[in-house]
Amino acid sequence: MTADAPQSILAPNGTVGIVGGGQLGRMLALAAAELGLKTHIYCPEADCPAAQVATAFTQAPYDDMAALTAFATQVDVVTYEFENIPVTTVAQLAQHKNVFPSAAALEVAQDRLVEKSFMRAQGLDVAAFFDITDLDSLTTALAETGGTGILKTRRFGYDGKGQWRLDAESDLAAVLQELNGQPAILEKLVPFEREVSILVARAQDGTTAAYDVIENVHRHHILHSSTLPAALPADAHKQATQIAEKLAAALDYVGVLAIECFVVGDALLINEIAPRVHNSGHLTQDACHCGQFEQHIRAIAGWPLGDARAHSNAVMTNLLGDEIEQWHGLAAQPATYIHLYGKAEARDGRKMGHVTQLMPKA
Ligand SMILES: Nc1ncnc2c1ncn2[C@@H]1O[C@H](COP(=O)(O)OP(=O)(O)O)[C@@H](O)[C@H]1O
Ligand SMILES: [Mg+2]
């Protein structure tokens, strides 16, 4: 849908279809409910976090075309909370209802080579990257990156999975065996000072609302905490908004888009994008007038975008695995908002919930 195409507006009591049933779907469903909208979750797993709080639930595989069609006929607009659904799933749904973000935006975000090539074509900065298909291309690329780099599978990577840090000591043949024929890229190591994310919402009419830049700290490749606002040179905040608006427009994007960046001096280098609400944006729920979940629902439902400005500074901390056992003490903290995802089993590293602590703006 382009800026001059007619908007589709979902009135209260309409139904938002959400593909994917994790915590992002859960918080989208809760935000939709606040706006008087119903939700229908489509997810392969039983008792998923989103289904627990939604109006309706279809349990079916992502490639079940009949189930997808039945789902699409029961909802008014479709979105997704998980970027590893097949593009054919989105295409199938789009035959019946508007799907936001579009299959085209999803395709860019699913493949690191396509994604980085797209950024570069838009004149946006990314780390040097090389297409890796075999030992020869890897050896040549490593020479170009100065002997060190990060090898990443093009598809399906998350939380550092599908990544190998390479240096002169690395046994490249062994790494390629682990890669097992999956298409990959090699990236030059970025000596970043900080990692930040830029969240921006774009409505069906092309208007945008960007959040203040959020700073992220990872532990063991999983997001540990996020802070609003990021400590950045003043010019970087301006750059961030420009990057966000440019990318969202180039993707003809509708919904909330997350852009992960490295900060190197005054420059922002894009690492990757997520075509959805993002873990680093959870603090916007409590620290901004309109949080990312409500904002995404507003965008796809054709409502006016909400006010993305922060009324407070904030720090969000993920509760991973058995950290959720601290819930009782955390619930007693002042100016702290606790969000738990309803997952039965606290496996190691699993995202079980998060807490956001608010502080007065400086
Ligand atoms: N080119 C790079 N240079 C330095 N660090 C990197 C680079 N690429 C990734 N990393 C580190 O690894 C983390 C995970 O990589 P990312 O590409 O974001 O994959 P994932 O999909 O697992 O989040 C990043 O947040 C960053 O800390
Ligand atoms: Mg990442």
First in the stretch 157-168 and within 22 Å of ALA143 (Cα to Cα), second anywhere and part of a loop (DSSP other than H, G, I, E, B) and more than 10 Å from ligand 2 (Cβ to nearest atom), Cβ under 7 Å, 6 or more apart: GLY162/PHE156; LEU166/THR148; ASP167/GLY147; ASP167/THR148; ALA168/GLY147
Residue among VAL277, VAL263, VAL256 that is in the same structural domain as ILE198 (by TED's automatic domain parsing) and either more than 16 Å from ligand 1 (Cβ to nearest atom) or over 20 Å from the mean Cα position of the chain (by Cα) (or both): VAL256
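Before we move on, is GLU81 buried (at least 18 other Cβ atoms within 10 Å of the Cβ) and acidic (Asp, Glu)?
Values: buried (at least 18 other Cβ atoms within 10 Å of the Cβ): yes; acidic (Asp, Glu): yes.
Answer is yes for this residue.
Among the residues of the stretch 123-160 satisfying the criterion of being among the polar types (S, T, N, Q) and either in contact with an Asp or Glu (Cβ under 8 Å, 6 or more places away or on another chain) or crowded, with 16+ Cβ neighbours inside 10 Å (or both), which is farthest from ILE222 (Cα to Cα)? Even if it seems obvious, please write down each step before you answer.
Here is the first cut: in the stretch 123-160, the residues among the polar types (S, T, N, Q) are 133, 137, 139-140, 145, 148, 153.
Keeping just the survivors that are either in contact with an Asp or Glu (Cβ under 8 Å, 6 or more places away or on another chain) or crowded, with 16+ Cβ neighbours inside 10 Å (or both) gives 137, 145, 148, 153.
Working: SER137: 29, THR145: 25, THR148: 22, THR153: 17 Å.
Ranking the candidates gives SER137 first.
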Single unsatisfied condition, PHE100 versus (1) of a type outside the set (Asp, Glu); (2) surrounded by fewer than 19 Cβ atoms within 10 Å (Cβ to Cβ); (3) touching a Phe, Trp or Tyr at 6+ places or on another chain (Cβ under 9 Å): (2)
task: Among the residues of the stretch 61-71, write down those that are surrounded by fewer than 23 Cβ atoms within 10 Å (Cβ to Cβ) and either in contact with a helix residue (DSSP H, G or I) (Cβ under 9 Å, 6 or more places away or on another chain) or not small (Gly, Ala, Ser) (or both).
output: PRO61, TYR62, ASP63, ASP64, MET65, THR69
message: Being within 19 Å of the chain's Cα centre (by Cα), closer than 15 Å to ILE243 by Cβ and of a type outside the set (A, V, I, L, M) is the filter here; which residues of the stretch 95-137 pass it?
response: GLU115, LYS116, PHE118
field: Sole residue being away from ligand 1 (no atom under 16 Å from the Cβ), touching a residue at least 60 places away in the same chain (Cβ under 8 Å) and either among the acidic types (Asp, Glu) or not in a helix (DSSP H, G or I) (or both), chosen from LEU269, LEU319, LEU305
entry: LEU305
- prompt: Would the stretch 188-201 turn up any residue that is of a type in the set (Gly, Ala, Ser), in contact (Cβ under 8 Å) with a residue 12 or more places away in the chain and either within 16 Å of ligand 2 (Cβ to nearest atom) or assigned by TED's automatic domain parsing to the domain that holds VAL264 (or both)?
  reply: yes
task: Keeping to the stretch 262-282, report how many residues are touching a Phe, Trp or Tyr at 6+ places or on another chain (Cβ under 9 Å) and away from ligand 2 (no atom under 16 Å from the Cβ).
output: 1
field: Count - residues of the stretch 62-108 that are over 22 Å from ILE273 (Cα atoms) and of a type in the set (Val, Ile, Thr)
entry: 4
query: Among HIS339, HIS296, HIS354, which is under 14 Å from the mean Cα position of the chain (by Cα) and in the same structural domain as ALA210 (by TED's automatic domain parsing)?
result: HIS296
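Counting only residues that are among the basic types (Lys, Arg) and within 16 Å of ligand 1 (Cβ to nearest atom), give me the helices (runs of 4 or more DSSP H) lying completely in the stretch 106-222 with at least 1 of them.
Values: elements: 112-121, 135-144, 172-179.
Because the criterion is at least 1 residues that are among the basic types (Lys, Arg) and within 16 Å of ligand 1 (Cβ to nearest atom), the helices (runs of 4 or more DSSP H) in the stretch 106-222 that meet it are 112-121.
Let me confirm something: among ILE297, ILE243, ILE324, ILE338, which residue is surrounded by fewer than 21 Cβ atoms within 10 Å (Cβ to Cβ), at pLDDT 95 or above and part of a helix (DSSP H, G or I)?
Working: ILE297 fails: surrounded by fewer than 21 Cβ atoms within 10 Å (Cβ to Cβ); ILE243 fails: surrounded by fewer than 21 Cβ atoms within 10 Å (Cβ to Cβ); ILE338 fails: part of a helix (DSSP H, G or I).
Checking each option against the conditions leaves just ILE324.
So, in the stretch 181-201, of the ones that are of a type in the set (A, V, I, L, M) and out of contact with any helix residue (DSSP H, G or I) (no Cβ under 6 Å at 6 or more places or on another chain), which residue ends up farthest from ARG112 (Cα to Cα)?
First, pick out the residues of the stretch 181-201 that are of a type in the set (A, V, I, L, M): 184-186, 189-190, 196, 198-201.
Then keep just the ones that are out of contact with any helix residue (DSSP H, G or I) (no Cβ under 6 Å at 6 or more places or on another chain); that gives 184, 189-190, 196.
Working: ALA184: 8, LEU189: 15, VAL190: 16, VAL196: 19 Å.
Checking each candidate, the answer is VAL196.
Going by the conditions given, is ALA249 at pLDDT 95 or above and touching a Leu at 6+ places or on another chain (Cβ under 8 Å)? Lay out the reasoning, then the answer.
Details: at pLDDT 95 or above: yes; touching a Leu at 6+ places or on another chain (Cβ under 8 Å): no.
The answer is no for ALA249.
To keep it simple, each residue is scored yes or no on (1) within 16 Å of the chain's Cα centre (by Cα); (2) modelled with pLDDT of 95 or more; (3) within 30 Å of ILE132 (Cβ to Cβ).
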position	(1), (2), (3)
GLU187	no, yes, yes
PHE192	no, yes, yes
SER197	yes, yes, yes
GLN204	no, yes, no
ASN216	yes, yes, yes
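Please go through the stretch 154-182 and give me each residue that is more than 16 Å from ligand 2 (Cβ to nearest atom) and either within 22 Å of the chain's Cα centre (by Cα) or of a type in the set (A, V, I, L, M) (or both), ordered by number. Steps first, answer last, please.
So the first thing to find is which residues in the stretch 154-182 are more than 16 Å from ligand 2 (Cβ to nearest atom), and the list is 166-182.
Correct list: LEU166, ALA168, LEU172, ALA173, ALA174, VAL175, LEU176, LEU179.
The values are calculated or read from the model by the stated rules, or taken from the named source; none is laboratory data. Remember, it's a predicted structure, so these values are computed and weren't measured experimentally. Heads up, the Cβs are rebuilt from the backbone with ideal geometry, glycines too, and the neighbour counts pull from every protein chain shown.
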